[in-house]
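Quick notes on the structure that follows.
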Amino acid sequence: MDSKSRIDELKLRLIAIELLGLLKKKYDYRTLSEMLNLPPSVLSRYVKGRVLPNRSRSEKIISLFSEKLLSEIIRSKITRTEEGFYDLYEVIKDIRLQKLIGKIAFNEFSYVPVNKLLTVAADGIPVAVEVANEFDVELIIAKQRRDLSIRDYIEEKIIRTPPVIEYLYIPRRAIRRGENVLIVDDLIRSGKTAITLAKLTERAGGNIVGVFSIAMIEGMAEKLRETLGMTCQVKSIITLP
């Protein structure tokens with residue numbers, strides 16, 4: 001295991017301790033013991049910081065936090081407009097929540113080398129910033145307009161519904177050939193933005209190592225894999241109908 005892998009594993013174990021402490025505020029040790037299949041005495045030592053869980057147990061703790069606590073908080077903050085659209089504003093503006101989401105993303109994709117994060121210039125930026133911080137990598141933001149100070153761009157079009165053609169742009173050298181790119185967004189509705197970001201990555205010569213979002217409409221993960229021929233993980237914290 002190289003030094004970067006050792007650092008990432010240590011970080012994952014420390015995240016697990018932090019999130020276990022938050023779980024302890026809602027569940028007693030007996031309940032957590034049943035959920036995690038670990039003795040209460042072991043969990044107590046983890047919470048008090050006397051010992052760190054191994055990677056397998058850390059991943060289990062983080063997954064439990066995501067499934068039992070974080071997903072519940074996120075669902076309570078999502079509203080639906082009269083037109084039937086999901087509104088994640090209350091999630092996006094919560095800085096503490098964004099940091100927790102970033103830690104979950106790190107757990108989901110810490111097993112693959114990530115060189116760059118890619119998102120679009122919209123509501124997905126706050127969570128993408130936190131995920132980039134967790135991975136300690138550069139965040140690339142695809143924009144709807146060209147920056148006049150940059151001459152050389154890669155562009156890709158999106159055909160919206162009703163039929164409107166838009167374009168996303170990234171500087172040509174923002175993603176270099178062979179770099180591993182994680183695509184991040186707040187909400188994946190139709191998958192069109194994520195697909196366009198993936199195409200930009202491929203045109204730049206990068207490798208897509210995953211797609212992560214706070215929420216995703218049911219069936220979108222399968223659609224993205226099928227459309228792009230992706231074998232990497234497509235993950236969200238919650239799935240919406």
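The values are calculated or read from the model by the stated rules, or taken from the named source; none is laboratory data. All of these numbers come straight from a predicted model, not from anything done at the bench. So basically every Cβ, Gly included, is an ideal-geometry build from the backbone, and we count neighbours across all protein chains shown.
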Note on region 199-225: residues buried (at least 24 other Cβ atoms within 10 Å of the Cβ) and within 15 Å of the chain's Cα centre (by Cα) are Val211, Phe212, Ser213, Ile214, Met216
Which one of Thr231, Thr227, Thr196 is assigned by TED's automatic domain parsing to the domain that holds Val91 and in a loop (DSSP other than H, G, I, E, B)? Thr231
Is there a residue in region 206-222 that is part of a loop (DSSP other than H, G, I, E, B) and over 28 Å from Glu67 (Cα atoms)? yes
Got a number for residues in region 218-241 being at pLDDT below 95 and β-branched (Val, Ile, Thr)? 3
Go through region 42-116 and tell me which helices (runs of 4 or more DSSP H), entirely inside it, have 1 or more residues that are acidic (Asp, Glu) and under 29 Å from Gly206 (Cβ atoms). 55-65, 95-109
Output the number of the condition that Arg173 fails; it satisfies all remaining conditions of (1) surrounded by 19 or more Cβ atoms within 10 Å (Cβ to Cβ); (2) farther than 28 Å from Ile78 by Cα; (3) modelled with pLDDT under 95. (1)
Residue check for Ala194: over 23 Å from Glu130 (Cα atoms) and touching a residue at least 24 places away in the same chain (Cβ under 8 Å): no
Which one is surrounded by the most Cβ atoms within 10 Å (Cβ to Cβ), of the residues in region 54-94 that are touching a Leu at 6+ places or on another chain (Cβ under 9 Å) and either at positive phi or among the β-branched types (Val, Ile, Thr) (or both)? Ile61
Take Ala142 and decide whether it is aliphatic (A, V, I, L, M) and either assigned to a loop (DSSP other than H, G, I, E, B) or within 20 Å of Ile62 (Cβ to Cβ) (or both). no
Considering only residues that are touching a helix residue (DSSP H, G or I) at 6+ places or on another chain (Cβ under 6 Å) and either more than 10 Å from Leu20 (Cβ to Cβ) or not assigned by TED's automatic domain parsing to the domain that holds Leu10 (or both), which ones fall in region 45-58? Val51, Leu52, Arg55
Expected single match for free of Cβ contacts under 8 Å to residues at least 60 places away in the same chain and of a type in the set (Gly, Ala, Ser) among Ala105, Ala122, Ala142 is Ala142
Does Ile159 meet the test of being over 29 Å from Asp94 (Cβ atoms) and free of Cβ contacts under 8 Å to residues at least 24 places away in the same chain? no
Residue match in region 118-128 (condition: modelled with pLDDT of 95 or more, more than 20 Å from Ile217 (Cβ to Cβ) and not in a loop (DSSP other than H, G, I, E, B)): yes
In region 178-197, anything over 24 Å from Leu100 (Cβ atoms), of a type outside the set (Val, Ile, Thr) and at pLDDT below 95 is listed as Ser190, Gly191, Lys192
Hey, could you check region 152-166 for residues that are farther than 25 Å from Asn115 by Cβ and at pLDDT 85 or above and say which is surrounded by the fewest Cβ atoms within 10 Å (Cβ to Cβ)? Ile165
Answer with yes or no whether Pro53 is out of contact with any Gly (no Cβ under 9 Å at 6 or more places or on another chain), more than 21 Å from Arg96 (Cα to Cα) and without any contact (Cβ under 8 Å) to a residue 24 or more places away in the chain. no
